[in-house]
1. Any idea of the accessible area per residue across the chain, 1.4 Å probe, to the nearest Å²?
2. How much length is gained on full extension from residue 102 to residue 151, taking 0.36 nm per residue of separation minus their Cα-Cα distance?
3. Determine which aspartates and glutamates satisfy two conditions relative to residue 93: a Cα distance under 17 Å, and not lying fewer than 8 residues away in the same chain.
4. What residues qualify as long-range amide H neighbours of residue 118, i.e. H under 5 Å apart, gap of 5 or more or another chain, H built at 1.01 Å from N?
5. If a helix is a whole DSSP H run, which ones in the chain reach 24 Å or further along their own axis (Cα) and hold a mean Kyte-Doolittle hydropathy of at least 0.5?
6. Which listed residue (156, 63, 138) has the Cα farthest towards the positive end of the charge dipole for region 26-170, taking +1 on Lys and Arg C-beta and -1 on Asp and Glu C-beta about the Cα centre?
7. Along the Cα→Cβ direction, 7 angstrom out, place labels at residue 5 and residue 31. What is the inter-label distance in nm?
8. Give me the percent of the accessible area of region 101-170 that comes from carbon and sulfur atoms, probe 1.4 Å, all protein chains in place.
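The values are calculated or read from the model by the stated rules, or taken from the named source; none is laboratory data. Every value quoted in this text rests on a predicted model; they were computed, and no experiment measured them. Here the Cβ positions follow ideal geometry from the backbone for every residue, glycine too, while neighbour counts run over all protein chains shown. All accessible areas refer to the heavy atoms of the entire protein, side chains included, with ligands and DNA or RNA removed. Shrake-Rupley method; radii C 1.70, N 1.55, O 1.52, S 1.80 Å.
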Amino acid sequence: RARVDDIVRASRTSKGAVSHHFPNKEALFLALVDEFSARLAEAVAVGIAGAHGGLGKVQAALTAGLETFARHRELARILLLESVSLGPAYQSKRLEGHGRFASLIQAYLDDAVAEGSIPSQDTRVATLAWLGAVNEVVIQWLYSGRPDLTTEAVPALTPLLLRSIGAAAQ
């Protein structure tokens with residue numbers, strides 16, 4: 001719904017610069033999706049860098065992901081709520097980002113199984129269940145502001161998710 005004039009004003013650039021880099025608003029929006037995905041991936045990478053073991057890395061990824069959404073609430077609102085009907089190009093881009101994060105979580109769950117931190121299980125299904133839970137928490141937060149992602153959701157969701165895969169209390 002944004003007008004090009006609004007985008008130009010917010011970006012402190014010119015219409016010519018915007019149209020040079022982005023042939024249409026869809027291309028600009030998809031670049032925004034890429035930018036948020038990159039921020040999320042960077043935050044997760046930084047979070048897991050200091051963590052140890054598969055479960056520690058999964059916990060760090062969860063915390064970093066929720067904290068990133070909390071820092072970028074308006075962007076998250078646009079990407080998760082206001083853009084769901086933008087068509088195949090957006091859905092493809094959204095699935096691409098979702099797939100990258102799912103692969104990361106699944107890899108660390110696989111590591112946790114291999115190191116004996118959790119019982120053997122279908123880590124793909126566990127990953128999808130986790131992402132569904134995280135998505136619902138973020139969506140509810142975007143609508144109502146509750147639960148607060150950093151002070152309520154992370155402490156409540158982390159042990160719940162860990163128990164769901166048979167992890168020992170941490």
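1. Details: 9440 Å² over 170 residues.
Heavy-atom SASA per residue in the chain reads 56 Å².
2. Working: separation 49, 0.36 × 49 = 17.64 nm, distance 2.40 nm.
This chain segment gains 15.2 nm when fully extended.
3. Output for residue 93: 26, 34, 35, 82.
4. So residue 118 has HN proximity to 113.
5. Helix filter hits for the chain: 25-49, 123-144.
6. 156
7. For residue 5 paired with residue 31, the spin-label model returns 2.1 nm.
8. Working: 2050 of 3600 Å².
That fraction is 57 percent.
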